[in-house]
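One structure below.
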Amino acid sequence: MFKLCLKRKIYIYVSYYVKLMIKNWQEMLKTETIATLGKLTVDSKTVLLLSGESMAGKTIACLHLTDSAIRNNYKVLYFDTDEKKILARPQPNLFKEFYTKEKDKYDALFVYADKWEYEKFFEVLDKQKPRLLIIDSLYQPFFAKIENTRTRAVEIKKFLTRLRPYLSENNIGCVITTPAGRIVDPESGKEMIAPLGGQGVKLLSDVRVIIEFVKDQNSDTETTDKRLFIVDRQGRSAFKIEYGGHLSFIK
């Protein structure tokens, strides 16, 4: 009798272990669209990278994607680590306008954090359980704490390497921003404009968007209120920044 009970326990344990090992890979591949901005979409289990120079419109794009998710009844966790906080920006304040129009939804679905504590980051995610995670900007907290460029890039890569499986397991869409700056291509030795934070930022993002200013045709220095969203150096979408920070898609 003892041997039969032992065999039964072993069988149950092995069966349970096998169930843990076997994954429903078809289900793991499924994604859903959480937010949209023109032709740009943020899907669950993916990372959208927005990079660009100062005043290019990275935060404006984040706010529009936030509003899209909120209107679709998805919970948003917004890490506002940029120096220009969205709540303290001068009038007309785009976030305040979005909030006023959908106050009940924002009260229920929008979670805001203006401080970055790496040690507690995933604890916050576990507690809040968002469907859209926005980190604006990813680069700033690492830049503030780590002086060495290479060490900073390594730590950013480690963070994203940990974040990616978490997003997939919890069906979360993610938007990260980082400034673009001039770097030297290690292979060609030429200067180029690229997202700051190291190669890991680009390699661990699913969709990479560089936001560029559209220059005035009559001047080499003056820029217009138009922006080009260049997706992975292939697709392009044009937007116009209107009064108050509204982005209107230009077909």
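The set of residues from region 181-195 being surrounded by 12 or more Cβ atoms within 10 Å (Cβ to Cβ) and more than 15 Å from the chain's Cα centre (by Cα) comprises 181, 183, 193, 194. Taking region 35-146 and the strands (runs of 3 or more DSSP E) fully enclosed by it, the elements with 1 or more residues that are among the polar types (S, T, N, Q) are at 40-43, 47-52.
When the test is whether a residue is under 22 Å from residue 72 (Cβ atoms), of a type in the set (Phe, Trp, Tyr) and exposed (fewer than 15 other Cβ atoms within 10 Å of the Cβ), residue 239 does not pass it.
Residue under question is residue 154, and the condition is that it be open to solvent by 50 Å² or more (accessible area, probe 1.4 Å) and touching a residue at least 40 places away in the same chain (Cβ under 8 Å); does it hold?
Details: open to solvent by 50 Å² or more (accessible area, probe 1.4 Å): yes; touching a residue at least 40 places away in the same chain (Cβ under 8 Å): yes.
So residue 154 passes the test.
For the structure I just gave you, tell me whether residue 86 is at pLDDT below 95 and surrounded by 15 or more Cβ atoms within 10 Å (Cβ to Cβ). Yes, satisfied.
Of the residues making up region 163-171, not a single one is modelled with pLDDT of 90 or more, over 25 Å from residue 35 (Cα atoms) and either open to solvent by less than 60 Å² (accessible area, probe 1.4 Å) or of a type in the set (A, V, I, L, M) (or both). Residue 144 meets each of the listed conditions (1) without any contact (Cβ under 8 Å) to a residue 12 or more places away in the chain; (2) within 13 Å of the chain's Cα centre (by Cα) apart from (2).
Entry remark, region 147-177: residues being under 18 Å from residue 74 (Cα atoms) and either among the acidic types (Asp, Glu) or part of a loop (DSSP other than H, G, I, E, B) (or both) number 3 in total. Being open to solvent by less than 50 Å² (accessible area, probe 1.4 Å) and without any contact (Cβ under 8 Å) to a residue 40 or more places away in the chain is a property that residue 121 has.
Only a single item in (1) touching a residue at least 40 places away in the same chain (Cβ under 8 Å); (2) within 16 Å of residue 113 (Cβ to Cβ) is not met by residue 87, and it is number (1). Return yes when residue 136 is surrounded by 17 or more Cβ atoms within 10 Å (Cβ to Cβ) and either in contact with a strand residue (DSSP E or B) (Cβ under 9 Å, 6 or more places away or on another chain) or closer than 27 Å to residue 180 by Cβ (or both) and no when it is not. Taking the combined requirement at face value, the residue satisfies it.
Matching residues to (1) more than 30 Å from residue 230 (Cβ to Cβ); (2) open to solvent by 60 Å² or more (accessible area, probe 1.4 Å):
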site	(1), (2)
51	no, no
62	no, no
93	no, no
104	yes, yes
107	yes, yes
146	no, no
149	no, yes
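Close Cβ contacts (under 6 Å, 6 or more residues apart or on different chains) running from residues in region 224-251 that are among the β-branched types (Val, Ile, Thr) to residues that are exposed (fewer than 13 other Cβ atoms within 10 Å of the Cβ) and outside any strand (DSSP E or B) comprise 224/216. Among the residues of region 51-67, some residue qualifies, meaning at least one is over 14 Å from the mean Cα position of the chain (by Cα), more than 13 Å from residue 176 (Cβ to Cβ) and modelled with pLDDT of 95 or more.
The values are calculated or read from the model by the stated rules, or taken from the named source; none is laboratory data. If you're wondering where the values come from, they're calculated on a predicted model, not measured in any experiment. All Cβ positions, glycine included, derive from the backbone under ideal geometry; neighbour counts span all protein chains shown. With ligands, DNA and RNA removed, areas are computed over all heavy atoms of the protein, side chains included. Shrake-Rupley method; radii C 1.70, N 1.55, O 1.52, S 1.80 Å.
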